[in-house]
C-alpha cells in the first residue's frame, strides 16, 4: 500500500518541533530581540560558491523574470539592521539546491539572529544559554570552546593555518584517505574541509555543545578578519555529537571589503562554471549606508530536533521530506 | 556503459573503481555549511569482497559496471570448474573455485543460486539464503536432550559444517541459513 501521503516523522516529532519553536520565541522575547520575517523569494542570490540556489520564473505579464529562493535570510536581515531595526531574529525556511542526505533536505528551517554590539564571545555566551534551555533535562555536559587551530592540531597534528601540500598529503595517506591528495590538489580550503569533516568534526561535542571559533581566513566569506591575527576570522561553528548545528560571525561591516569578496566569489563561480549569481545590490547599498556593529548566527533547526530526539536522519523530524513533499 | 554522478549514488549501484567492479553499500552526503560538499561512500569490491570507504567530491562521476545478478541452476563440478545454467535460456556458465569461493560449501546439484556476472562472465556465486541438506556426519546425540546451550557440529552433504541441536541425527535433512551458517530446523521428508 502506498504510504507516501503520510508524514515521514512520528507525531511526537511534530509536538517536539512546536515546543522548541515556542521556547525559542520565549527566549528572545525575554531578551527583547524582535522577531522579523523577510522574503523567501528574492531578486538577488548569495554568491557563496558552495551553495546552489533554486531559480523560479515570476510571470507578471508582460514581464517574466527570474526570482530565487533564498539560501539564507542573512542579506535581508542585514538590510533591516542597517535600517535601524535593532537586534532581530527569524525562524524561516531556506533552500539549497542539490543538498540531500542524512543531514540535508533541500528545504529546511533556519533560526537566525543578530545582536547589536555583541562581540563573538558574547554571542557564544548567548548560544550556550539557548542550547541549555532547549536541552534542559537532556544531561548535556558543560559547553566547550576551542579554537579551530587548536582542535585541528589536537586531532590531526597538522597546523590548519600553515598550508603544506606535502604534510597534508602524508597525513592523508597515513590515515587511509589517500584520495584526498588528488581531490584537494593544492587548494588549502578544500584540504581543510576534507580533513576537518573526516577526522575532526565526528569527535566534536560528545554529549556537549562544542563551539569552534577562529576559522582560517580562506574559509569565511562574510566574517571579519580577527583584529589580532589576520590569518583567522571571527567565525564560530557549533557542534553537538559531531553534528554541525550552526555558523556565526562577528559581521563584516565594511561595504568595500564586502563588495570585493562578492566579486571574488562570483569569479570563483565562473571558473567552476556554476550558475551565475545575481549580486544583491541592496545588501551592498545597505552596507554602504552602514551596518551597525553586530554578531549573528544561523542554526539548523531540523538538525537540532534530530539531536533532541536522537534521530539518525533528518527525515525523522520532517513531516514531509522532499521525496514526499 | 552509463556514467553515474555522486547524486545518483545509492545502495546497490554497480560502478567501476580502480578498474574493478564494485557495489555501493552506503552513500553519505557530507557538507560543511560553508564548505566543499563530499560524498563519503562505502563500497564493496565485487572481485575481492573487500569493503572500503572512499570520498568523492560531490558532482564527480564514475563509470557504471555491467554487473547483473542472475538466478541459475547449479549443474555439476568437473573437478576444475563448476557449471551453472540459466533455466529460461539454457545458457551455461562455468566458474572456478576462486570465483565460487565458500558458496561451494552449500551448492548441491540441481539447486538454485545467484551468479553475479560482470561483462557476461561469472564474478561471484551466492547460494540461496536457505538450503535443505542432509547431514552426512555428526556424533550421536542424547535423545530427549533439548537443553538450549549445547549443540554439536554436523557436516552436511555439500561440505558445510553447522551447529545443530543434540537430538538431530546423521542422515536427517535440515534447513540452514547460508548467510549466517546457522541451523534453522529439521525438514520432515
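What follows draws every value from the coordinates through simple rules; no lab data is involved. Everything numeric here is computed off the predicted structure, so don't read it as measured data. Methodologically, a virtual Cβ is constructed for each residue, glycine included, from the backbone with ideal geometry; neighbour enumeration extends over all protein chains shown.
Observations on the structure shown:
- Zone of residue B:18's modelled label, taken as backbone nitrogen in segment B:25-68 under 14 Å from a point 7 Å along Cα→Cβ: B:42-55
- Across the protein assembly as shown, the convex hull enclosing all Cα atoms gives 231 Å³ per residue.
- Gain in span if fully extended, residue A:159 to residue A:293, counting 0.36 nm per residue against the direct Cα distance: 45.1 nm
- Rounded if a/c under 1.5, otherwise prolate or oblate - segment A:228-299, Cα gyration tensor axes: oblate
- Average 1/r across all pairs of distinct alpha carbons in chain B, invert it, and you get the Kirkwood radius: 19.2 Å.
- For segment B:67-127, convex hull volume per residue from C-alpha positions, Å³: 70
- Highest mobility in the GNM of chain A, judged by mean-square fluctuation with C-alpha springs under 10 Å and restricted to A:282, A:15, A:176, is found for A:176.
- MRE, 222 nm, helices only [DSSP H, n ≥ 4, -39500 (n - 2.57), over the protein assembly as shown, to nearest 500]: -7000 deg cm²/dmol
- Exposure proxy shown here: for A:5, B:118, the number of other Cβ atoms within 10 Å sets the order, fewest to most, as A:5, B:118.
- Bridge type composition, chain A - antiparallel percent by DSSP, nearest 5: 85
- Förster-model FRET efficiency, 60 Å R0, residue B:78 and residue A:40, C-beta, rounded to 0.05: 0.30
- Separation of alpha-carbon centers, segment B:36-62 and segment A:249-286, rounded to whole Å: 34
- Paired Rg and Dmax values of segment B:3-63, which use every Cα atom, in angstrom: 11.4, 38
- With the convex hull of the Cα atoms taken as the outline of segment A:67-121, the averaged projected area works out to 5.1 nm².
- Approximate spin-label separation residue A:23-residue A:56, in nm, with each point projected 7 Å along Cα-to-Cβ: 3.2
- Highest GNM mean-square fluctuation among A:19, A:166, A:115, for chain A modelled with Cα contacts below 10 Å: A:166.
- Here the simple spin-label model places points 7 Å from the Cα toward Cβ, and for residue B:172 and residue A:228 these points are separated by 7.7 nm.
- Relative contact order of chain A, taken over Cα pairs closer than 8 Å and 6 or more residues apart, is 25 percent.
- Debye intensity ratio in log₁₀ form over the Cα atoms of segment A:20-70, taken at each q of 0.15, 0.19, 0.23, 0.32 Å⁻¹: -0.65, -0.76, -0.84, -1.16
- Once both labels are positioned 7 Å from their Cα atoms along Cα-to-Cβ, the gap between residue A:15 and residue B:97 label points is 6.3 nm.
- The Cα trace of segment B:85-180 gives Rg and Dmax of 16.3, 54 Å, the first to one decimal, the second as a whole number.
- Given R0 = 22 Å, the distance between the Cβ atoms of residue A:313 and residue B:71 translates into a calculated FRET efficiency of 0.10.
- Antiparallel DSSP beta bridges within segment A:14-126, as percent of all bridges there, nearest 5: 90
- Taking all C-alpha pairs of segment A:273-325, those more than 17 Å from each other amount to 65 percent.
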